[in-house]
1. Using DSSP loop states and a limit of at most 16 other Cβ atoms within 10 Å to flag chymotrypsin sites (Phe, Trp or Tyr not before Pro), what is the longest stretch of the chain containing no flagged site?
2. Please list, in order, the residues from region 92-112 whose amide nitrogen is less than 17 Å from a point placed 7 Å along the Cα→Cβ vector of ILE51.
3. When averaged across all projection directions, what area in nm² does the alpha-carbon convex hull of region 62-112 cover?
4. Enumerate the lysines that LYS18 could reach by cross-link, defined here as Cα to Cα under 26 Å, with residues fewer than 8 away along the same chain left out.
5. What percent do you get for the relative contact order of the chain when only Cα pairs under 8 Å and 6+ apart count?
6. What helices does the chain hold that run 15 Å or longer along their axis, going by alpha-carbon atoms, with a Kyte-Doolittle average of 0.0 or more, using DSSP H for the helix calls?
7. Over all pairs of distinct alpha carbons, what does the Kirkwood formula give as the hydrodynamic radius of the chain, in Å?
8. How much net charge surrounds PHE67 when only other residues with a Cβ under 13 Å from its Cβ are counted (Lys, Arg +1; Asp, Glu -1)?
Amino acid sequence: MQQVMQERDVMGFILRRKYDVACMVAGAFLGIWFDWTTVEILIFLVFLWSILGPITSRFLAIPALFFLVTVPVLLTLKRDDRAEEFAIYAYYFLVMAVIRAIIEVRKEEKEK
């Protein structure tokens with residue numbers, strides 16, 4: 001019974017937000033088309049969802065801070081390639097957080 005309710009909830013979500021889901025699927029196919037890595041596709045999908053969906057800027061800043069804190073640790077462990085990759089991911093999430101914050105501020109200004 002619980003599983004049936006969860007399936008109904010998922011289908012209801014997809015039907016209510018069909019354009020958002022279509023954009024997410026198109027984004028995944030775009031990443032596959034450009035031969036991006038799985039991590040790059042996931043970050044792009046998070047970026048799309050942050051524009052379309054309910055992710056606030058503070059939730060996008062948390063991964064950015066995680067990656068920024070991890071970079072010096074990786075550098076001290078002589079994992080330079082991984083540290084460079086994490087620095088790039090931190091930049092991506094910082095950019096996403098700023099874009100989402102701008103969207104939030106504009107929405108608040110319209111409500112006033």
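Every number here is computed from the coordinates shown, using simple stated rules; none is lab data. All values reported here derive from a predicted model rather than from experimental measurement. For neighbour counting, all protein chains shown are included, and Cβ atoms are generated from backbone atoms with ideal geometry for every residue, glycine included.
1. Looking at the chain, 37-112 is the longest stretch - no exposed chymotrypsin sites (Phe, Trp or Tyr not before Pro) with at most 16 other Cβ atoms within 10 Å.
2. Zone members listed by number: 92-107.
3. Averaging across all directions leaves 3.3 nm² for the Cα convex hull.
4. LYS107, LYS110
5. So the answer I get is 23 percent.
6. 18-33, 38-52, 57-76
7. 16.1 Å
8. -1
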